[in-house]
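Each remark here refers to the structure printed beneath this line.
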Amino acid sequence: MPASVFDSLLLGHVWGTDELRAIFSDETRVQKWFDYEAALALAQAELGIIPKAAAQEIAAKAKVANVDLVAVGAEIRRIKHPLVPALRALQAACADGHGEYLHFGPTTQDVLDTGMMLQLKEAHAIIMRDLGNVGRELYRLAEAHRATPMAGRTHGVQALPITFGHKCAIWLAELGRNHARLKDSAARNLVGGMTGAVGTQAAFGAQAVALENDLMARLGLGVADIAWQVARDRLADYAGALGLVGGALAKIAHEIIILSHNEIDEVAEPFAPGKVGSSTMPHKRNPVICEGVLAAGRALRASVGLMQEALVVEHERDASVWRLEWKALPECCLMTGAMLAQMKVVLGGLEVHVDKMRRNLDALGGFLMSERVMFVLADRVGKQSAHELVYEVAMRGIDQGTTFEHGLMADPKVKAALGADELRALLDPTTYVGLAPEIVDRVLAETKAAGWLT
């Protein structure tokens, strides 16, 4: 039975996806080790280092289905080595003694690190695909609501009007930057290892460079400039980029939760018949998907921190950091994948309550428009005088529970500077969204030109 939320039959959807669980399963992990050994044997045979017959047999038998994983796991626990039992099992599966040429030169970390990179490469493709899916939903929302007015809030309270499309465009632009970061990180960091016990390639002889180039070409990975057994920045760098993706998604989920509060009620995550919010309060429609994303985002940032801890390594080998990475990196990928999958659902079916957005613009009784009134008055009485004048009217009106219009018209200085019709027009919040629609259009055009949504 699963003991972790990542593999839980009940809770696993919050913490990962089936695609990513398959990539980081024991079966795939061992298969990637075997892929390394097969590619190495074939490359060595091409260079005449080992017999071609041996290489062909190793490659033919390098399938995880040919070994007993339960037995391999038991042997790992017995001899306390993470790779040798799998190698012995593969050797035993090879006929005619060809298994003697298995693992001809590399060290354990070459195999484990490269295997992890092969898993990460597959996970990266899924994460980039799903990032594009979420981006397309944000693009759609930004475009549809480019001019939909709503209250902008600073310090948690209403500040000035914005548009909902502007808010979505900010989210979209951030995800676009994160897409670029992940793309750059993968190009920089998806490399393999074939450097031997202490990184000098001594066991591979004079053909080491040619062999490494051939091996990595077969595996579809880059060639590292130097051994990275004790330089773990590559994995930490990629995990950090995932942390930024997760932070952006968690922020969106958090804001949707806030905007779903009954007192605000401007958006709501999708609701389907049968969805239950409470075992005792039948009326509840809770933002449970967004809550799950928010929780995963917090856990993701903690795992990114563990990857940073793995940067501190001793001498030419330190297996303690492997153990951190074995846990933290798959979890970073799993949680990012889950968050992307869940946010696609949320944004794809997001309920946007345009009427509530408009209604909330009037919640302050017009005081939301203080900046606009102040700048019009500034042309007539001076900026600082206008600020003091509007400030006094606003504070007095809020304390007394009157509207902004009433307070302004009751002030002789304001009444002398502004006519009633002019003031009424100034207090229309739907006409004071600045350049929000044009900004949205620019972001959409730049996003389309960048091509990451296609």
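The values are calculated or read from the model by the stated rules, or taken from the named source; none is laboratory data. Keep in mind it's a predicted model, so treat the numbers as computed, not measured. So basically every Cβ, Gly included, is an ideal-geometry build from the backbone, and we count neighbours across all protein chains shown. Surface accessibility is based on the protein's heavy atoms, side chains included, excluding ligands, DNA and RNA. Shrake-Rupley method; radii C 1.70, N 1.55, O 1.52, S 1.80 Å.
For the reader, a short list of remarks on this structure follows.
- Residue within the range 287-307 that is assigned to a loop (DSSP other than H, G, I, E, B) and surrounded by 15 or more Cβ atoms within 10 Å (Cβ to Cβ) present: yes
- Whichever residue in the range 222-265 is without any contact (Cβ under 8 Å) to a residue 12 or more places away in the chain and either among the β-branched types (V, I, T) or open to solvent by less than 30 Å² (accessible area, probe 1.4 Å) (or both) and, among such residues, is farthest from E316 (Cα to Cα): L259
- The range 393-446, subset open to solvent by less than 20 Å² (accessible area, probe 1.4 Å) and in contact with a Phe, Trp or Tyr (Cβ under 7 Å, 6 or more places away or on another chain), residue farthest from F164 (Cα to Cα): G397
- Entry remark, the range 312-341: residues being polar (S, T, N, Q) and open to solvent by 40 Å² or more (accessible area, probe 1.4 Å) number 1 in total.
Okay, residues lined up against (1) closer than 26 Å to N213 by Cα; (2) modelled with pLDDT under 95; (3) surrounded by 16 or more Cβ atoms within 10 Å (Cβ to Cβ):
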residue: D26; (1), (2), (3): no, no, no
residue: V30; (1), (2), (3): yes, no, yes
residue: A60; (1), (2), (3): yes, no, no
residue: A65; (1), (2), (3): no, no, no
residue: V72; (1), (2), (3): no, no, yes
residue: D110; (1), (2), (3): yes, no, yes
residue: G115; (1), (2), (3): yes, no, yes
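- Residue within the range 76-91 that is open to solvent by less than 10 Å² (accessible area, probe 1.4 Å) and free of Cβ contacts under 8 Å to residues at least 12 places away in the same chain present: no
- Selection within the range 392-431 - in contact (Cβ under 8 Å) with a residue 24 or more places away in the chain and in contact with a Gly (Cβ under 6 Å, 6 or more places away or on another chain): G397, T403, F404, E405, L427
- The requirement of being within 17 Å of P149 (Cβ to Cβ), open to solvent by less than 70 Å² (accessible area, probe 1.4 Å) and without any contact (Cβ under 8 Å) to a residue 24 or more places away in the chain is fulfilled nowhere in the range 375-391; no residue meets it.
- Any chance L10 is open to solvent by 50 Å² or more (accessible area, probe 1.4 Å) and hydrophobic (A, V, I, L, M, F, W, C): yes
- In the range 209-221, the residues that are buried (at least 17 other Cβ atoms within 10 Å of the Cβ) and within 28 Å of the chain's Cα centre (by Cα): M216, L219, L221
- Single residue of the range 32-48 satisfying the filter (open to solvent by 40 Å² or more (accessible area, probe 1.4 Å) and closer than 18 Å to L87 by Cβ) that is nearest to the chain's Cα centre (by Cα): D35
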